[in-house]
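J.: This is the structure, below, for whatever I ask next.
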Amino acid sequence: MKIQIPFDEVFKLLEEAFPVTEIRTYEGQRTLLEHPNYRLHIERDAAGRAAGILASWDFGTFRFVEHIAVGATIRGGGIGKRMLTDYMHSGASPIVLEVEPPDEAMAERRIHFYERCGFHLNDFPYKQPPLRAGQPEIALNIMSYPHPLTEAEFLPYKRILYAEVYKK
């Protein structure tokens, strides 16, 4: 029996965890479920509700963590770390993800979380294309696992991300 993905619960977690500029519309996010490279990993609580999600893309030569979110009332309990480390050990290909620049306390906390998990903050400019029509590009940083990347090493990944994830 195939388990139904509680998409409304998943989207609610995304809306709680990310600004509107960093998530797609409900319809846009739901459409991703049909993409062969997109994966949605869900951690359920004891009642079967979505407690945490990890949304990723697998491109063979590398993987991309697009979103990781845990319910606001249970953050800090280890669910996010467990989901991320399970994902990190589920394949051998490198992983990249985007983070806000370390300009404020919350962004620094996120970066330190990823660093404690084994990710490296890379030192080159990066702009995330808009996920919704009419939104601006966002200046972000790239983190990578298991090794730091140079901008030249990241360039093939960036081309794939822009084409497949952002349709740019």
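J.: Taking the Cα centre of the chain as origin, work out the dipole magnitude from +1 charges on Lys and Arg Cβ and -1 charges on Asp and Glu Cβ, in debye rounded to 20.
T.: 400 debye
J.: To the nearest 20 debye, what is the magnitude of the charge dipole of the range 1-88 about its Cα centre, counting +1 on the Cβ of each Lys and Arg and -1 on the Cβ of each Asp and Glu?
T.: With only Lys, Arg, Asp and Glu charged at Cβ, the dipole is about 240 debye.
J.: I need the calculated FRET efficiency for the pair residue 110 and residue 159, taking r as the beta carbon distance and R₀ as 22 Å, to the nearest 0.05.
T.: About 0.30, to the nearest 0.05.
J.: In Å, what Kirkwood hydrodynamic radius results for the chain from the alpha-carbon pair distances?
T.: When all Cα pairs of the chain are included, the Kirkwood radius is 16.5 Å.
J.: Hey, what's the Cα Rg ratio for the range 111-168 versus the globular rule of thumb, 2.2 N^0.38 Å?
T.: The range 111-168 yields a ratio of 1.21.
J.: Now a separate question. Quote the FRET efficiency, to the nearest 0.05, computed for residue 9 versus residue 85 with a Förster distance R0 of 30 Å and r equal to the Cβ-Cβ distance.
T.: The pair residue 9/residue 85 has a calculated efficiency of 0.85.
J.: Of 81, 168, 158, which has the most accessible area and how do the rest follow, probe 1.4 Å?
T.: If we order 81, 168, 158 from most to least accessible, we get 168, 81, 158.
J.: So if I take the centroid of the Cα atoms in the range 20-92 and the same for the range 102-168, what is the distance between those two points in Å?
T.: Cα centres, the range 20-92 to the range 102-168: 16 Å.
J.: Regarding the range 81-152, what's the average projected area of the Cα-atom convex hull, expressed in nm²?
T.: For the range 81-152, the mean projected area of the Cα convex hull comes to 5.8 nm².
J.: Roughly what % antiparallel, to the nearest 5, for the DSSP beta bridges in the range 9-168?
T.: Antiparallel: roughly 90 percent of the beta bridges in the range 9-168.
The values are calculated or read from the model by the stated rules, or taken from the named source; none is laboratory data. What you see is a predicted model, and the numbers here were worked out from it, not measured in a lab. With ideal geometry, Cβ positions are generated from the backbone for all residues, glycine too; neighbour counts draw on all protein chains shown. Side chains included, ligands, DNA and RNA excluded: accessible areas come from the protein's heavy atoms. Shrake-Rupley method; radii C 1.70, N 1.55, O 1.52, S 1.80 Å.
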